[in-house]
Amino acid sequence: MAFGFFKKNDTADAIFMGGKIFTQNSELPWAEAVACKDGQILAVGDYEDLSELEGKHTEVIDLEGKFVLPGYIDTCGHPVLQAYQDSCLFLKGGDLTDTLNQISEYAAGNDDAEIIFAFGYDEAILKGLDAEQVRDLLDKICEDKPVVVLGKSGFHCFVNTRAMELVRAAAEEDEIQAVTLSYILGILEPIDLNTVPEAIPEIMGNYCERGFTSVFDCGAPDLFASLYQNIMVHLYQETMMKQRFHGSLLITRDVNPKAVMYKLSQFRTNCAELNGYVNFKTLKLVVEGTEEALSISGEALRELCLEAADKGFHIHIDALGTAAVAEAAEAMGAIRSAGYKKNALILAHDPVSDPEELTNTCYYLNINETAPTAGLSDNDWRCIEKAANIEEAVDMLTINAAIQLGLDSGFGSIEKGKHADFVIFDENPFEAGSLLSFKKLQAAMTVIDGAIVYDAEEDDRSQWYSMLTMQQY
């Protein structure tokens, strides 16, 4: 029996057969073969039926009894920030003194660096200080080379005198009247635009081994998001994509909504010709409900959400604290009330006093709930940390992940018309025995659009970096 009727003159590009295929389709939970054409699933069922789709150029892949699942989707990833952790100083929080001490220690240990670049300070630590006072503090650390420190929002930075001299000289030569943050970063180039972080092959390889074919990045500031997207475009052009990339722009404080929409639209346009391998459709907001935090105000949150929804973007809010959860739910409610039904809305929040009431509200408004995803984590399986068993974990990695990200029309299950993205295991994941054993399973192959992009027996990730850097992009 074959699910997905086909014309007699249809021929598949590839047929995966001889395995045990878990489809996530309740009408046909398991199958033994799947046919692919033009990157999509043409039919699913018995190989005897699907063999009619074999043509002169059809590639038939014998699974030899292996187990196939829909490609895993990571909904809690941070590949962008992970990639750049070793390219600059990632600050570990603290007050102004703590921050300056970290920068000083980093500068002392990087004498050969042409520029000292640090990222991630809490902008609230600069309250009451003007730009000249902050420059003086950085000059005490380093005077002979530029020092650039970018805030965790990505919309604020402070620099030393040497850096400001370079920027002013460039602005005078370019006849620039108003110096913006993007101009400062463009002139100083704190991260080499032509450098591919060595961490990227490692990140891709780890995702391959675990079975991920799609990764959602839970938010990075403009600078890092732009650099990473450029690399993803390069990977696509060199046919080296190992996972689909779904990017998001991180906003953590009040900013001009028009400027944010312009940047999001720019990111989305850059992906237009990449066949769904590189995507940018999400606005990521972090709201902190404390008086001390420099966060997004309720009014600005609502405006950002409505503007993004109107432009067709999905919205992911990390709400930290009870007040922030209430503001986020209200802003998302305003989106639905305004008639925007197709945008995927994700509310990642801390525990609340009445979780049942919030869940009912989210269900009514079609809002997906999840745990907060802001910040890097050592948990490689953050996306399934709430799973009670293997069956629930598989759902969270496949169909539920696709629904959460607004991708379920094309991903999350093995059905006719969806993208042919699979993960292939030697062993049955459902029989792993425990969630811990399930997490330790290593994929034999991963498939994107019907093409094998990772083969555990043949791929050597140590060669990927050399291949990545053979050509400048």
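The values are calculated or read from the model by the stated rules, or taken from the named source; none is laboratory data. Fair warning: this is a prediction, and the values are worked out from it, not measured in the lab. Cβ placement follows ideal geometry from the backbone for every residue including glycine, while neighbour counts extend to all protein chains displayed. Heavy atoms of the whole protein, side chains included, go into the accessibility calculation; ligands, DNA and RNA do not. Shrake-Rupley method; radii C 1.70, N 1.55, O 1.52, S 1.80 Å.
Report, in deg cm²/dmol and to the nearest 500, the calculated mean residue ellipticity at 222 nm for the chain, where each DSSP H run with n ≥ 4 adds -39500 (n - 2.57) and the sum is divided by the residue count. Let's see the in-between values first.
Values: 16 runs with 162 residues, N = 473.
So the helix-based figure for the chain works out to -10000 deg cm²/dmol.
Per residue, how many Å² of accessible area does the chain show with a 1.4 Å probe? Mind showing how you got there, number by number?
Working: 21920 Å² over 473 residues.
For the chain, the per-residue accessible area is 46 Å².
Per the chain: cysteines with no other Cys C-beta under 4.7 angstrom?
Cys with no partner Cβ under 4.7 Å: Cys36, Cys88, Cys142, Cys157, Cys208, Cys218, Cys271, Cys305, Cys362.
Would you mind checking the pairs Lys56/Lys418; Lys281/Lys342; Lys258/Lys311 and listing those with alpha carbons more than 19 angstrom apart?
Details: Lys56/Lys418 24 Å; Lys281/Lys342 12 Å; Lys258/Lys311 11 Å.
Long pairs (Cα-Cα over 19 Å): Lys56/Lys418.
Of all trypsin sites (Lys or Arg not before Pro) in region 116-190, which ones are in loop regions per DSSP and have a Cβ with at most 13 other Cβ atoms within 10 Å?
Values: sites: Lys127, Arg135, Lys140, Lys152, Arg162, Arg168; in loops: Lys127, Lys152.
Qualifying residues, ordered by number: Lys127.
Which of the listed residues, Phe158, Ala12, Phe216, is farthest toward the dipole's positive end in the chain, when Lys, Arg count +1 and Asp, Glu count -1 at the beta-carbon?
The one lying farthest along the dipole's positive direction is Ala12.
Tally Lys/Arg at +1 and Asp/Glu at -1 over every other residue whose Cβ is under 15 Å from the Cβ of Arg135; what's the total? Please report the intermediate quantities before stating the final value.
Details: positive: Lys140, Lys145, Arg162, Arg168; negative: Asp130, Glu132, Asp136, Asp139, Glu143, Asp144, Glu165.
Spelling it out: positives minus negatives among the neighbours equals -3.
For region 340-346, just list the computed ³J(HN,Hα) in residue order, Karplus coefficients 6.51, -1.76 and 1.60, θ = phi - 60°, integers in Hz, with x standing in for Gly and Pro.
Values per residue, Gly and Pro as x: 8, 9, 8, 6, 6, 10, 10 Hz.
Test of the criteria: in region 155-246, which GluC sites (Glu not before Pro) are in a DSSP loop and have at most 15 other Cβ atoms within 10 angstrom of their Cβ? Each step should come with its number before you reach the end.
Values: sites: Glu165, Glu172, Glu173, Glu175, Glu198, Glu202, Glu209, Glu238; in loops: Glu175, Glu198, Glu238.
Here the GluC sites (Glu not before Pro) that fit, given the DSSP loop and packing criteria, are Glu175, Glu198, Glu238.
About the Cα centre, and with charges only on the beta carbon of Lys, Arg (+1) and Asp, Glu (-1), how big is the dipole of region 5-133? Nearest 20 debye, please. If you can, show how the numbers build up before the last one.
Values: 8 positive and 25 negative charges, 103 e Å.
Here region 5-133 has a charge dipole of around 500 debye.
Find the relative contact order for the chain and round it to a whole percent, using C-alpha pairs within less than 8 Å whose residues are 6+ positions apart.
Details: 899 pairs, mean separation 88.7, N = 473.
The normalised contact order for the chain reaches 19 percent.
Carbon and sulfur together cover what percent of the accessible area of the chain at a 1.4 Å probe radius?
Taking all protein chains in place, the chain shows 46 percent carbon and sulfur surface.
Using a Cα-Cα cut-off of under 14 Å, which aspartates and glutamates could be cross-linked to Lys152, ignoring same-chain neighbours fewer than 8 residues away?
Cα-Cα hits under 14 Å: Asp95, Asp122, Glu123, Asp222, Asp254, Glu288.
Within a Cβ distance under 9 Å of Ala31, other residues only, what is the Lys/Arg minus Asp/Glu net charge? Mind dumping the intermediate values first?
Values: positive: Lys20; negative: Glu32, Asp46.
Taking every other residue near Ala31 into account, the sum is -1.
Taking H placed 1.01 Å from N in the peptide plane, check which residues at least 5 places from Ala14 or on another chain put their amide H under 5 Å from its amide H.
Long-range HN contacts for Ala14: Cys36, Glu59.
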